[in-house]
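Encoded as structure tokens, the structure appears first; notes follow it.
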Amino acid sequence: MHYEGPIYRPPSEANSLLVQATVGCPHNRCTFCMVYKNGPSYRVRPAADVIADLDEARTLYGDSVRTLFFPAGNTIAMPTDALCRICAHARKIFPHLARVTVYGSSQYIHKKGPDEMKRLADAGLSRIHVGLESGDDVILRLIKKGATARQHTQAGQWAMAAGIQLSLYVVLGIGGAARTLPHAARTADVLNRIAPDFIRLRTFVPKVHTPMLKMVESGAFKMLGPHGVLKEAATMIRLLDVPSRLTSDHYTNYIDLEGCLPGCRNRLLSNIGDAMKRPETDFRPFFVGDQ
Ligand code: SF4
């Protein structure tokens, strides 16, 4: 098995086989992200090498593998033929495989379009984790996400229409105090148009080696405190009208929120209301992230 550079995976892939298909991130410009800022440069591993690693895993683990994740940061960007080939091979050698997952930004899903999404679904790709971050174009430009709200929406709709599950990440507080209301409202709007399977909440933490940390330190970006973040989450949840599972399975969040919308909306809002009664000093302190 061969691994190169940082290997990240979603918390929900903790028990998955990880077989690296790409190295780094082809975008690598998001102003809040530190993962690949010091390299390595993006490259696609040859499909034959990925297949050799899959075969090695088959020898090691037999047919016990149930879930498979192909790191690294934006594997959806690899050529569709090659991604189809490795997905199909994995489905062939692991007959009990329930899920094949990648990270993928909306801009690359959008470039592939609906037909290539369908080809990938047919080849066995079953879930994509997408960093939506926000549905507000002002924020998306600020963070250099590489996609507009409209592109996020179309990409999400095409993946869902192809039958690929979507797990969309929202970063609370990523618009700071200045954009908290548009962030909540426009993110809810994009999510409502996509109706993803999962909505995963993260809270903005400035990371080392990032432009956003410099903006925080200079005072150009005013971060929300715990109550501001919780209020933003409540505003967004009130506006959501989707049959999605909402989860906040991450160390950056001030409280854990977990439930299926729309049924759990009142309980989630009540959890937030209870947390808002606690003083801000009761929550985790400000810190600069290094992972
Ligand atoms: S957040 Fe994702 S798309 Fe943006 S630079 Fe980091 S890995 Fe690449």
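Could you tell me whether any residue of region 1-22 is crowded, with 21+ Cβ neighbours inside 10 Å, within 16 Å of the ligand (Cβ to nearest atom) and more than 23 Å from Leu168 (Cα to Cα)?
Within region 1-22, one or more residues are crowded, with 21+ Cβ neighbours inside 10 Å, within 16 Å of the ligand (Cβ to nearest atom) and more than 23 Å from Leu168 (Cα to Cα).
What do you reckon, is Ala220 modelled with pLDDT of 95 or more, buried (at least 21 other Cβ atoms within 10 Å of the Cβ) and over 21 Å from Thr148 (Cα atoms)?
Against the criterion (modelled with pLDDT of 95 or more, buried (at least 21 other Cβ atoms within 10 Å of the Cβ) and over 21 Å from Thr148 (Cα atoms)), Ala220 does not qualify.
In this structure, is Val229 part of a loop (DSSP other than H, G, I, E, B) and of a type in the set (A, V, I, L, M)?
Spelling it out, it is not the case that Val229 is part of a loop (DSSP other than H, G, I, E, B) and of a type in the set (A, V, I, L, M).
Among the residues of region 79-112, what is the count of those that are out of contact with any Phe, Trp or Tyr (no Cβ under 9 Å at 6 or more places or on another chain) and within 18 Å of Gly146 (Cα to Cα)?
6
So, of the residues in region 145-184 that are β-branched (Val, Ile, Thr) and not in a helix (DSSP H, G or I), which turns out to be surrounded by the most Cβ atoms within 10 Å (Cβ to Cβ)?
Step by step, filter region 145-184, then rank; the result is Ile174.
Of the residues in region 233-251, how many are outside any loop (DSSP other than H, G, I, E, B), over 12 Å from Leu181 (Cα atoms) and in contact with a helix residue (DSSP H, G or I) (Cβ under 6 Å, 6 or more places away or on another chain)?
Going through region 233-251 one residue at a time, the tally reaches 1.
Take the residues in region 42-59 that are closer than 18 Å to Leu83 by Cα and either in a loop (DSSP other than H, G, I, E, B) or hydroxyl-bearing (Ser, Thr, Tyr) (or both), then tell me which one is farthest from the ligand (Cβ to nearest atom).
Pro46
Going through region 60-79 one residue at a time, which ones are among the polar types (S, T, N, Q), away from the ligand (no atom under 16 Å from the Cβ) and either touching a residue at least 60 places away in the same chain (Cβ under 8 Å) or surrounded by 18 or more Cβ atoms within 10 Å (Cβ to Cβ) (or both)?
Thr67
It is to be established whether one or more residues within region 33-41 are polar (S, T, N, Q), within 16 Å of the ligand (Cβ to nearest atom) and buried (at least 19 other Cβ atoms within 10 Å of the Cβ).
For region 33-41, residues polar (S, T, N, Q), within 16 Å of the ligand (Cβ to nearest atom) and buried (at least 19 other Cβ atoms within 10 Å of the Cβ): absent.
Can you work out which of the residues in region 90-112 that are out of contact with any helix residue (DSSP H, G or I) (no Cβ under 7 Å at 6 or more places or on another chain) and assigned to a helix (DSSP H, G or I) is surrounded by the most Cβ atoms within 10 Å (Cβ to Cβ)?
Residue satisfying both the conditions and the ranking: Arg91.
Specify the residue that is nearest to Phe198 (Cα to Cα); the eligible residues are those in region 11-39 that are modelled with pLDDT under 95 and over 17 Å from the mean Cα position of the chain (by Cα).
Among residues in region 11-39 that are modelled with pLDDT under 95 and over 17 Å from the mean Cα position of the chain (by Cα), the one nearest to Phe198 (Cα to Cα) is Lys37.
The values are calculated or read from the model by the stated rules, or taken from the named source; none is laboratory data. Since this is a predicted model, take the numbers as computed values, not measurements. In this analysis, Cβ positions are derived from the backbone assuming ideal geometry, glycine residues included, and neighbour counts consider all displayed protein chains.
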